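The values are calculated or read from the model by the stated rules, or taken from the named source; none is laboratory data. In this text, all values refer to a predicted model and were calculated from it rather than measured experimentally. Here the Cβ positions follow ideal geometry from the backbone for every residue, glycine too, while neighbour counts run over all protein chains shown.
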Amino acid sequence: MTRGPVAQALVRHVGPDASHSAPDDLVVEEPLEIRLDGHPVATTMRTPGHDFELAAGFCLADGLLAGASVQGVRYCDGPCGPGDTTYNTVDVRTGGRAPVPSPRLGVVSSSCGACGSTAIDDLCLRLAPLDPLGEVDPALVAAVVAAAADAAPVFARTGAVHAAAAFHLPTGRLEVVREDIGRHNAVDKVNGRLLLDGRLPAGSFGLYVSGRASFELVQKAWAGGFRLLVAVSGPSALAVRTAKAAGLTLVGFARGSRMNVYSPAPL
């Protein structure tokens, strides 16, 4: 079976008056190689758990499926052959219907490796504009942020992971919540779960992320068909430009009753 998301280590807790040694919870970080129909795609550092969702969601967001249906996802055998599964290599299978991918070199990080107008133009070529959402209810956003914070057990134990969640529009009820050391991985896990359940595009859902809204997270929200992206922290300039191109409603600094709406453009 796969390793869990949390490990323990003996640490020294230091305070103003005394110090003591005690076990402490640490988030697990391991590499995951993603393959598509047996072809290497990328390696990402992730928190173990929901690996099939992560792999499927990654292939979706990068446009690697090209409309092909996912027929199955499995762990690959280790270097010693059958029975030597390491649970660190996952193959997304489309029966050869997806194009052969060009593998990314190195380890995937939160940087997308693309920038500016060229990146947005590329997305516009393969992703259709989203249906406009309309006005955002601040009470809905506040409720989603509070509920997502309560639904993040790994963060509560370690303080070292990001969370992403799909929530229903307009009720705000959380549908899928995933945590990972990488914010992009957490979103891929949410997208992957909805993809494997046949519930994409996610036009009836909003997407919550516990950190900033980068270009890559807007790209993943657009690829999943979400019409609303809610971030606890701020967006990048490129993320805002991409959201406007997508027709995606982008909310940042969602904290309590306050929020900033970056896209669509203010009247």
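Being among the basic types (K, R) and surrounded by fewer than 21 Cβ atoms within 10 Å (Cβ to Cβ) is the filter; apply it to region 170-227 and report the residue that is nearest to I120 (Cα to Cα). Ranking the candidates gives R212 first. Name the single residue that is nearest to G49 (Cα to Cα) among those in region 130-162 being out of contact with any strand residue (DSSP E or B) (no Cβ under 7 Å at 6 or more places or on another chain) and outside any helix (DSSP H, G or I). The extreme case among them is G159. Go through region 31-57 and give me each residue that's farther than 19 Å from T94 by Cα and surrounded by fewer than 16 Cβ atoms within 10 Å (Cβ to Cβ). Selection gives P31, M45.
On the stretch given as region 163-176, residues that are part of a strand (DSSP E or B) and not aliphatic (A, V, I, L, M) total 3. The residue pairs whose first member lies in region 66-77 and is free of Cβ contacts under 8 Å to residues at least 40 places away in the same chain and on the phi < 0 side of the Ramachandran plot, whose second member is surrounded by 12 or more Cβ atoms within 10 Å (Cβ to Cβ) and acidic (D, E), and whose beta carbons are closer than 6 Å, counting only pairs six or more residues apart or on different chains, are R74/D91.
The residues in region 209-239 that are out of contact with any helix residue (DSSP H, G or I) (no Cβ under 8 Å at 6 or more places or on another chain) and not basic (K, R) can be counted, and the count is 6. If we scan region 199-214, do we find a residue that is over 26 Å from I34 (Cβ atoms) and out of contact with any His (no Cβ under 9 Å at 6 or more places or on another chain)? Within region 199-214 (the criterion being over 26 Å from I34 (Cβ atoms) and out of contact with any His (no Cβ under 9 Å at 6 or more places or on another chain)), the answer is yes, since at least one residue qualifies. For the residues G247, G234, the requirement of being at pLDDT 95 or above, more than 21 Å from D131 (Cβ to Cβ) and over 10 Å from the mean Cα position of the chain (by Cα) singles out G234.
Looking at this structure, is S102 at pLDDT below 95 and either part of a loop (DSSP other than H, G, I, E, B) or surrounded by 16 or more Cβ atoms within 10 Å (Cβ to Cβ) (or both)? If you could, list the steps in order and put the result at the bottom.
Numbers: at pLDDT below 95: yes; either part of a loop (DSSP other than H, G, I, E, B) or surrounded by 16 or more Cβ atoms within 10 Å (Cβ to Cβ) (or both): yes.
Here the answer is yes, as S102 does meet what is asked.
For region 133-147, the tally of residues that are farther than 14 Å from M259 by Cβ and either charged (D, E, K, R) or under 21 Å from the mean Cα position of the chain (by Cα) (or both) stands at 1.
Could you check region 177-261 for helices (runs of 4 or more DSSP H) lying wholly inside it with 1 or more residues that are among the charged types (D, E, K, R), touching a Gly at 6+ places or on another chain (Cβ under 8 Å) and touching a residue at least 40 places away in the same chain (Cβ under 8 Å)?
183-196, 215-224
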